[in-house]
Amino acid sequence: MRDHRLTRRVALLAGAALLGLHFAAAAFSQMPLTPMKIRYFDEVAAYLEPYSAQNWMLFAPDPVSENRGILARARCRDGSVTSFHDVTTKYIAAAQSSRFFPPHMSRLVSGNMQQLSGSDPVLARLRESERAKKKTELPLMPYEKTSQDEALRFVSRYALTQLPARVCGDDAPPEQVQVRMYIEKLPPWSQRHNPAAEGKLDAYDMDWLKAGDLR
């Protein structure tokens with residue numbers, strides 16, 4: 001009986017310690033930009049992503065004002081390039097159709113899309129201030145570049161798995177894949193009842209990546 005209680009206590013303590021380390025890593029990822037964060041961000045991000053990546057969007061003071069998605073195309077062995085295929089809409093629609101138990105595939109992609117287009121809030125405000133003053137904009141920090149590179153590899157790998165089975169017209173797999181990220185900024189909330197109000201659509205073509213390096 002004593003051994004059983006001791007084993008249970010050890011298990012509880014070990015579980016509490018692991019849970020504490022997890023929450024500490026999540027809190028570290030959201031702390032303000034400091035030299036320590038720059039030094040250890042890559043290690044923490046490698047542990048948290050993609051399933052436990054954190055952001056402040058749940059507590060954002062502004063409602064969602066844009067739609068984001070991914071298109072992908074392939075380059076085949078003969079050098080031909082396919083048309084773009086929508087690889088995110090079906091999962092977004094599936095999530096929206098089930099409010100109680102939605103699938104989480106769309107969240108995996110949306111989180112990495114945020115990494116591709118976002119940055120540290122402090123640095124983002126600094127760059128906005130520099131642009132407004134027409135000064136030289138602060139370049140990406142090393143950890144920002146690493147984060148964006150990892151996010152691009154993830155969405156490219158995801159897109160490769162979502163392309164049609166015979167996208168190149170034969171049994172040969174694609175040689176390369178390219179992702180196009182689009183951001184559709186919705187009309188202002190004040191114009192929600194104006195049928196003539198239009199949003200703004202921006203598209204960003206990412207670098208071609210070799211399919212063999214993504215598998």
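The values are calculated or read from the model by the stated rules, or taken from the named source; none is laboratory data. Please read all numbers here as calculations on a predicted model, not as lab measurements. Every residue, glycine among them, receives a Cβ derived from its backbone with ideal geometry; neighbour counts consider all protein chains shown. To get the accessible areas, we keep the full protein, side chains included, count just its heavy atoms, and leave off ligands, DNA and RNA. Shrake-Rupley method; radii C 1.70, N 1.55, O 1.52, S 1.80 Å.
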- Query: Taking residue 167 and the conditions (1) among the β-branched types (Val, Ile, Thr); (2) farther than 26 Å from residue 86 by Cα; (3) over 22 Å from the mean Cα position of the chain (by Cα), which numbered condition does it fall short on, given that it satisfies the others?
  - Reply: (2)
- Message: Return the residues of segment 15-49 that are aliphatic (A, V, I, L, M), open to solvent by less than 50 Å² (accessible area, probe 1.4 Å) and farther than 26 Å from residue 126 by Cα; say none if nothing qualifies.
- Response: 48
- Message: Please verify whether residue 152 is surrounded by 14 or more Cβ atoms within 10 Å (Cβ to Cβ) and either closer than 19 Å to residue 33 by Cβ or in contact (Cβ under 8 Å) with a residue 60 or more places away in the chain (or both), treating the condition exactly as stated.
- Response: no
- Item | The one condition in (1) within 24 Å of residue 28 (Cα to Cα); (2) modelled with pLDDT under 80 that residue 170 fails to fulfil | (1)
- Message: Name the residue that is farthest from residue 207 (Cα to Cα), counting only residues in segment 81-106 that are at pLDDT 80 or above, polar (S, T, N, Q) and open to solvent by less than 50 Å² (accessible area, probe 1.4 Å).
- Response: 88
- Every listed condition ((1) open to solvent by 90 Å² or more (accessible area, probe 1.4 Å); (2) at pLDDT 85 or above; (3) small (Gly, Ala, Ser)) holds for residue 203 save (1)
- Query: Restricting attention to segment 127-149, which residues are exposed (fewer than 14 other Cβ atoms within 10 Å of the Cβ), assigned to a helix (DSSP H, G or I) and among the acidic types (Asp, Glu)?
  - Reply: 128, 130, 149
